[in-house]
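A quick write-up on the structure given underneath.
The values are calculated or read from the model by the stated rules, or taken from the named source; none is laboratory data. Treat the numbers as computed from the prediction; the structure is a model and nothing was measured. Reconstructed Cβ throughout: ideal geometry from the backbone, glycine too, with neighbour counts over all protein chains shown.
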Amino acid sequence: MSKTFSYFAYGSNLLAKRLRLNNPSAVRNGIGKLEDYEIDFASFSPRWRGAIATITPKEGRVVWGSIWELDIEHLKTLDDQEGVHRGLYFGTDVDVVTEDGSRKRCRIYKLAHKARFVKNIEELPEERRPSPAYLKVILLGAKESNLPENYVEFLRRIPHNGYSGDIGIDLDVLEKGS
């Protein structure tokens, strides 16, 4: 049995500080894309004070993300972080296309709640918008991961819900002015 596993992060776990809160063995091992999917948001998170990321099938689209290598002992902590035990997300394995065009089998998390189809991410209904803090963590992680600039621009167009209070995640990158 392997002592590590590969994980494809497309949301808040793009940011190393976020992922390593509970999974200190995480090492970024490049970036990749999941074909025929698009990032989406649903299921209000009391912690993040807004909708949280998932992926939905969408032909011709891609979700870019970081490929992480983690010690197998952190599979449970990652599942716990993603709320698998609460039925929030479920883990599954997918083939991610790496930068060199090869395919890598990675664990990924999808929301258990299926959101209604939205043709354009920029037209997310208010109840499905992430908080500014959550979106900031995703954008910081996308830049840190060196995701393609056109994809980062796409992420910048995602509308947020305007929430400006405290959130339940203690990350110094979220302090005002950072």
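Each residue in region 139-161 was checked for being in contact (Cβ under 8 Å) with a residue 12 or more places away in the chain and either out of contact with any Lys or Arg (no Cβ under 8 Å at 6 or more places or on another chain) or among the aliphatic types (A, V, I, L, M) (or both), and 14 of them qualify.
Exactly one residue out of 17, 104, 119 is under 17 Å from residue 141 (Cα atoms) and of a type outside the set (A, V, I, L, M, F, W, C), and it is 17.
For region 72-101, the set of residues classified as β-branched (Val, Ile, Thr) and over 18 Å from residue 145 (Cβ atoms) consists of 72, 77, 84, 92, listed by residue number.
Keeping to region 45-96, report how many residues are part of a helix (DSSP H, G or I) and either of a type outside the set (Ser, Thr, Tyr) or closer than 20 Å to residue 30 by Cβ (or both).
12
Within region 7-42, the set of residues being of a type outside the set (A, V, I, L, M), assigned to a strand (DSSP E or B), surrounded by 18 or more Cβ atoms within 10 Å (Cβ to Cβ) and over 12 Å from the mean Cα position of the chain (by Cα) comprises 32, 33, 37. The condition of being out of contact with any strand residue (DSSP E or B) (no Cβ under 9 Å at 6 or more places or on another chain), over 26 Å from residue 24 (Cβ atoms), surrounded by fewer than 21 Cβ atoms within 10 Å (Cβ to Cβ) and not charged (D, E, K, R) holds for residue 101.
Kindly establish whether residue 59 is without any contact (Cβ under 8 Å) to a residue 24 or more places away in the chain and either within 27 Å of residue 100 (Cβ to Cβ) or of a type in the set (A, V, I, L, M) (or both). Considered against the rule, which asks whether it is without any contact (Cβ under 8 Å) to a residue 24 or more places away in the chain and either within 27 Å of residue 100 (Cβ to Cβ) or of a type in the set (A, V, I, L, M) (or both), residue 59 comes out as yes. Exactly one residue out of 167, 138, 121, 108 is at pLDDT 95 or above and touching a helix residue (DSSP H, G or I) at 6+ places or on another chain (Cβ under 9 Å): that is 138. Output yes when any residue across region 80-96 is under 13 Å from the mean Cα position of the chain (by Cα) and of a type in the set (D, E, K, R), and no when none is. Yes, some residue in region 80-96 is under 13 Å from the mean Cα position of the chain (by Cα) and of a type in the set (D, E, K, R). The residues of region 130-166 that are of a type in the set (Val, Ile, Thr) and surrounded by fewer than 17 Cβ atoms within 10 Å (Cβ to Cβ) amount to a single one, 152. Pull up region 43-56, narrow it to residues that are of a type outside the set (Gly, Ala, Ser) and within 12 Å of the chain's Cα centre (by Cα), then point me to the one that is nearest to residue 101 (Cα to Cα). Looking at the filtered set, the residue picked out is 55. Here residue 138 does not fit the description of being assigned to a strand (DSSP E or B), within 14 Å of the chain's Cα centre (by Cα), of a type in the set (Val, Ile, Thr) and within 20 Å of residue 66 (Cβ to Cβ). Scanning region 70-87 for residues that are aliphatic (A, V, I, L, M) and crowded, with 16+ Cβ neighbours inside 10 Å, we see that the one that is farthest from residue 20 (Cα to Cα) is 84.
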